[in-house]
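Just below is one structure, and these are the notes that go with it.
The values are calculated or read from the model by the stated rules, or taken from the named source; none is laboratory data. Since the structure is predicted, the reported quantities are computational estimates derived from the model, not experimental observations. Heads up, the Cβs are rebuilt from the backbone with ideal geometry, glycines too, and the neighbour counts pull from every protein chain shown.
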Amino acid sequence: MILIKIGGGESINLEAVISDLAQQPQPFIIVHGANVLRDEITKKMGFEKTVLTSASGYSSVFSDQNAIDAILMSYSGLRNKRIVELCQQRDINAVGLTGLDGRLVQGERNKGIRVRENGKTLIKRDFSGKPRSINTDLLELLLSNGYCPVLTIPIVDENGFAINSENDDIVAKIANALEIDTVIQLIEAPGFLDNPDDEKSLVKKMSIAELNRREAEVEGRIKRKLLALTKLTAGGKTHVIITDGRTEQPITDALNGKGTHIQ
């Protein structure tokens, strides 16, 4: 089985991604983002997203109630249903879900994010958290009956509230829970780049040891993404491919060796 993580960038070729998936013989699960669409919706709602950087160097979006509403409209609303629509047009019987539905992704709300502001350490509390478990019974029920799950945030906390979480962390939890052997992450670049401004600086292969080293060296958003990759590859059983989601056959390209292969 393949798990496909579709990034939320504006130039991801969604129609090509789903058309290519329709040609694949093995079953698959889709997890998707919608960050660009969320940012557009937050502006229409009259506010800007707030990014926090923790004292340990990890960046995340501050998730108050307005931010959760924007997530519900962008991720689980428009983006999710457009992907389901594309799947149905190509005879993929997709079901769009969030981690909230059926407690598909059970999370634990953060007790607080430690941040540094004006030389002081502060605790910021919001509607965000980490995925702790996956409702594998629900996923296996869908898969065994020929449905393709299309998943996104929010997830559910201990008290039934919708909370924000990192899709990269959710991918790692699902892959480990279902023992998925191949995860393809579609981004707006040929793969992992040594220099983000130079698409020719593609890293074609990366060991788990090198992944750990790179995660320790960076900060901000990329640090969180690399940390999620270290969790995903920790058992040594999952083959991760980071590849270009802008091409005409992104899944086929990835399976034929393009992108960055981590194992």
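Count, please, the residues in region 25-60 that happen to be within 21 Å of GLN88 (Cβ to Cβ) and touching a Leu at 6+ places or on another chain (Cβ under 8 Å). Break it down stepwise before answering.
So in region 25-60, the residues within 21 Å of GLN88 (Cβ to Cβ) come out as 25-34, 37.
Checking the rest, the ones that are also touching a Leu at 6+ places or on another chain (Cβ under 8 Å) come to 27-32, 34, 37.
Of the residues in that region, 8 qualify.
Kindly provide the set of residues from region 200-218 that are of a type in the set (D, E, K, R) and modelled with pLDDT of 85 or more, ordered by number.
Within region 200-218, LYS200, LYS204, LYS205, GLU210, ARG213 qualify.
If you go through region 3-22 one residue at a time, do you hit one that is outside any strand (DSSP E or B), free of Cβ contacts under 8 Å to residues at least 24 places away in the same chain and over 19 Å from the mean Cα position of the chain (by Cα)? Give the derivation first.
Let us first name the residues in region 3-22 that are outside any strand (DSSP E or B), namely 7-22.
So of that shortlist, the ones also free of Cβ contacts under 8 Å to residues at least 24 places away in the same chain come out as none.
Looking through region 3-22, none of the residues is outside any strand (DSSP E or B), free of Cβ contacts under 8 Å to residues at least 24 places away in the same chain and over 19 Å from the mean Cα position of the chain (by Cα).
Suppose we filter GLU217, GLU210, GLU188 for residues that are surrounded by 12 or more Cβ atoms within 10 Å (Cβ to Cβ), at negative phi and without any contact (Cβ under 8 Å) to a residue 40 or more places away in the chain; which single one remains?
From the options GLU217, GLU210, GLU188, the qualifying one is GLU210.
Can you name every one of the helices (runs of 4 or more DSSP H) wholly within region 202-255 that holds 1 or more residues which are among the β-branched types (Val, Ile, Thr) and closer than 23 Å to ILE12 by Cβ? It would help to see each step written out before you state the result.
Details: elements: 208-217, 221-232, 250-255.
Once the helices (runs of 4 or more DSSP H) in region 202-255 are filtered for at least 1 residues that are among the β-branched types (Val, Ile, Thr) and closer than 23 Å to ILE12 by Cβ, what remains is 221-232, 250-255.
Restricting to region 1-17, what's the tally of residues that are modelled with pLDDT of 95 or more and closer than 23 Å to GLU140 by Cβ?
Summing the residues that are modelled with pLDDT of 95 or more and closer than 23 Å to GLU140 by Cβ in region 1-17 gives 5.
Residues in region 236-244: is at least one of a type in the set (Gly, Ala, Ser), under 20 Å from PHE28 (Cβ atoms), surrounded by fewer than 19 Cβ atoms within 10 Å (Cβ to Cβ) and without any contact (Cβ under 8 Å) to a residue 60 or more places away in the chain?
Initial filter on region 236-244 (of a type in the set (Gly, Ala, Ser)): 236.
Right, trim to under 20 Å from PHE28 (Cβ atoms) and you get none.
Among the residues of region 236-244, not one is of a type in the set (Gly, Ala, Ser), under 20 Å from PHE28 (Cβ atoms), surrounded by fewer than 19 Cβ atoms within 10 Å (Cβ to Cβ) and without any contact (Cβ under 8 Å) to a residue 60 or more places away in the chain, which makes the answer no.
When the residues of region 124-141 are narrowed to those that are among the charged types (D, E, K, R) and assigned to a loop (DSSP other than H, G, I, E, B), which ends up nearest to the chain's Cα centre (by Cα)? Spell out the reasoning first.
Here is the first cut: in region 124-141, the residues among the charged types (D, E, K, R) are 124-126, 130, 132, 137, 140.
Filter again for assigned to a loop (DSSP other than H, G, I, E, B), leaving 125-126.
Numbers: ARG125: 22, ASP126: 20 Å.
So, considering only residues that are among the charged types (D, E, K, R) and assigned to a loop (DSSP other than H, G, I, E, B), the one nearest to the chain's Cα centre (by Cα) is ASP126.
Of all residues in region 155-185, how many are in contact with a helix residue (DSSP H, G or I) (Cβ under 8 Å, 6 or more places away or on another chain), free of Cβ contacts under 8 Å to residues at least 60 places away in the same chain and within 13 Å of ASN110 (Cα to Cα)?
2
Only one residue in ALA172, ALA162 is closer than 29 Å to THR98 by Cβ, surrounded by 20 or more Cβ atoms within 10 Å (Cβ to Cβ) and at pLDDT below 95. Which one?
On the way: ALA162 fails: at pLDDT below 95.
Being closer than 29 Å to THR98 by Cβ, surrounded by 20 or more Cβ atoms within 10 Å (Cβ to Cβ) and at pLDDT below 95 holds for just one of ALA172, ALA162, which is ALA172.
Under 8 Å between Cβ atoms, which residue pairs at least 6 apart in sequence (or on different chains) link something in region 98-125 that is touching a residue at least 12 places away in the same chain (Cβ under 8 Å) with a partner that is small (Gly, Ala, Ser) and assigned to a helix (DSSP H, G or I)?
Pairs that qualify, where the first residue is touching a residue at least 12 places away in the same chain (Cβ under 8 Å) and the partner is small (Gly, Ala, Ser) and assigned to a helix (DSSP H, G or I), are THR98/SER76; LEU100/SER76.
So which residues in region 134-153 are under 22 Å from ILE18 (Cβ atoms), of a type outside the set (Ser, Thr, Tyr) and surrounded by 15 or more Cβ atoms within 10 Å (Cβ to Cβ), if there are any at all?
LEU139, LEU142, LEU143, CYS148, PRO149, VAL150, LEU151, ILE153
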